[in-house]
Amino acid sequence: MAKEKEKWEEMGFKTEEEYLERMYENEPQPEDYVISACGELGSKICVGEVEGKYLGEFNTQEEAEAFIQEHAKNTQYFPNVWFLSDHGNWHLRKDFKYERTRRGRKRKGVE
């Protein structure tokens, strides 16, 4: 008798791990970073964890991203970074890349 297909097989994934990775990529996880507008009329940028603590308020997007880089480096944890819009929509920041370092020095090719 033929084995009944698993949900992930029906969706075209090769492995259950690939399915789980793709599913969790599309929704924020509790420890992921979230960037959102805050302050008077959205004049500041706030950074926090999705279901965790508030980490700080910044004047510019660049300051917020630099903080995330440093915080991740200090904790040695590099989760996804999300943007939460003023309409409550979550957007994965696929353009955000962590600086990868070895012994405190940037690798060649990383700006």
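The values are calculated or read from the model by the stated rules, or taken from the named source; none is laboratory data. Just so we're clear, the structure is a prediction, and the values are computed from it rather than from any experiment. Please note: Cβ atoms are built from the backbone with ideal geometry, for glycine as well, and neighbour counts cover all protein chains shown.
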Inset, instruction - Can you give me the number of residues within segment 10-37 that are over 22 Å from residue 94 (Cα atoms) and at pLDDT 90 or above? - result: 0
Legend entry - Residue in segment 39-55 that is farthest from residue 84 (Cα to Cα), counting only those that are in contact with a Pro (Cβ under 8 Å, 6 or more places away or on another chain) and surrounded by 12 or more Cβ atoms within 10 Å (Cβ to Cβ): 52
Inset, instruction - Of the conditions (1) within 18 Å of residue 96 (Cα to Cα); (2) touching a residue at least 12 places away in the same chain (Cβ under 8 Å), residue 51 clears all except one; give me its number. - result: (1)
